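See below for the structure under consideration.
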Amino acid sequence: MIAKRTVRKTIKKENISIEDISKESIDNLIEQINKQIDDPRQKKKKTYKIWDIVITVFLAVIANCNDWDDIVVFAKSNYKFLRKYLKMTGGIPCSKTYERIISCIDSSQLESICLFFLTDIIGIKKKKMRDIINIDGKVDKSSSYLKLNENGDVEAVKSLNVLNAYSNQYGICLASEKIEDKTNEITAFPTIIDRLNIRNKIITVDAINTQKENCTIVKKKRGDYCFAVKENQPNLHRDIVDYFDEETLKELSKHSENYKKTIETRGNETIIYECYQTTDVDWYFEKKLWTGLKSIGVIKKIFDNPYNKNKQTEYRYYISSLPLDVNLFYNCIRCHWSVENKLHWHLDFTFKQDDNTTVDKEALLGLQIIKKMALGILNPIKTKQKISMNKLRLQISFHVESEIAKIFQFYAR
């Protein structure tokens, strides 16, 4: 495999074209697909190479394709380009074949390939910060449907629901776990954590996953947590609310190690964030049941609008295994929304995942995983070029061959 450092030297010293570097990278991806993905299809029925399918879908998604029909149009329009890198045995399959083959690939294996491509082949840069991993669920709303059960009654099948782990350090999705129809996020949390290396990393979740067992799971793997607290933990929530009365907040605001204030302006509205953190937790009678609990905190959010005489104020409460560091504590809380703003929003708005009506949830999950890989690759380029993700994908779709080469060139620098 060509490492990123070696790629730079090869380009400079041997004057090899970026198209050759692109081919080398795709060849490395093909090699990993062969090594890591089990093909469950019968040997006699393997008309299409599994790596041809995966890589075609991946390139199509980068080039502004969002569903299976789009992918077929892409393959037909760019057949000569694809033949430079892929075998394309059997020609171009129909949309149902793309869907069927993606559905038969184990999602964890596909995800492993995508992460390998992002971190080892492309080489996504990590930021110089302690990684904060946000875990949150994503529902593909249009994937629900009605079916007849064994008794002949109409039965509703829920939409695809996936629990995602988003890395703020890398800006990519590290792991995805499908949530079964008859369960919820709570049951998927241990599985997704088990697949991650969270040593010295900070895990954030919304209130539904704030469970005693989850605190224990995180601490056993040498990680830290910052969990939101709401009424689903009534005793804990009530006790923390009672603790942070106005007198306590006033006292904490006098100390810079306990208090942080920021002001943001959105249009005519000013939003004031006041963050309070304290390690005074020995008073809580169930402290030992929440493994590693070291601090608690609250975010006081004040909305000041000149057109509304009454200021709106809301409070959000948190528990954490972090020591007293109000800046880190505040950063963890604000970073949690990255999974929504930088991952889920793009999946819905840019990649139209919410509009996809694919019935086969394994196929839909596989397509979602590939879209997350494409998002991870395109994000740094979008930031560099200072254009929207939609415009970037549209730009790629107009000149696929040259634009794909530019992507590899961007990461080879």
Worksheet item: Of the residues that sit in the stretch 153-185 and are open to solvent by 40 Å² or more (accessible area, probe 1.4 Å) and assigned to a loop (DSSP other than H, G, I, E, B), which one is farthest from Lys361 (Cα to Cα)?
Response: Tyr170
Response to the item:
Among (1) without any contact (Cβ under 8 Å) to a residue 12 or more places away in the chain; (2) more than 16 Å from Leu322 (Cα to Cα), Lys261 falls short only on (1)
Worksheet item: Failed condition for Tyr98, given (1) touching a helix residue (DSSP H, G or I) at 6+ places or on another chain (Cβ under 6 Å); (2) more than 18 Å from Gln353 (Cα to Cα), with all others met?
Response: (2)
Worksheet, complete the sentence: Exactly one of Ile299, Ile369, Ile319, Ile333 is over 30 Å from Thr270 (Cβ atoms) and either under 24 Å from the mean Cα position of the chain (by Cα) or not in a loop (DSSP other than H, G, I, E, B) (or both), and that residue is Ile369
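For the stretch 129-184, which residues satisfy the criterion of being hydroxyl-bearing (Ser, Thr, Tyr) and in contact (Cβ under 8 Å) with a residue 40 or more places away in the chain?
Result: Ser142, Ser143, Tyr145, Tyr166, Tyr170, Ser176.
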Discussion item. Quick check on my filter: what residues within the stretch 112-135 are open to solvent by less than 10 Å² (accessible area, probe 1.4 Å) and touching a Ser or Thr at 6+ places or on another chain (Cβ under 9 Å)?
Written reply: Phe117, Ile122, Asp131, Ile132, Ile133, Asn134, Ile135
Fill in: Cross-chain or 6+ apart pairs with Cβ under 7 Å, the stretch 222-234 first and on the phi > 0 side of the Ramachandran plot and modelled with pLDDT of 95 or more, then in a loop (DSSP other than H, G, I, E, B) and polar (S, T, N, Q)
Arg222/Asn200
Worksheet item: For the stretch 273-285, how many residues meet the condition of being open to solvent by 20 Å² or more (accessible area, probe 1.4 Å) and at pLDDT 95 or above?
Response: 5
Discussion item. Can you list the helices (runs of 4 or more DSSP H) lying wholly within the stretch 1-90 that have 1 or more residues being open to solvent by less than 80 Å² (accessible area, probe 1.4 Å) and at pLDDT 90 or above?
Written reply: 18-36, 50-62, 68-77, 79-83
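The values are calculated or read from the model by the stated rules, or taken from the named source; none is laboratory data. All values reported here derive from a predicted model rather than from experimental measurement. Cβ coordinates were reconstructed from backbone atoms using ideal geometry, including for glycine residues, and neighbour counts include every protein chain displayed. Just the protein is used for accessible areas: all its heavy atoms, side chains included, with ligands, DNA and RNA removed. Shrake-Rupley method; radii C 1.70, N 1.55, O 1.52, S 1.80 Å.
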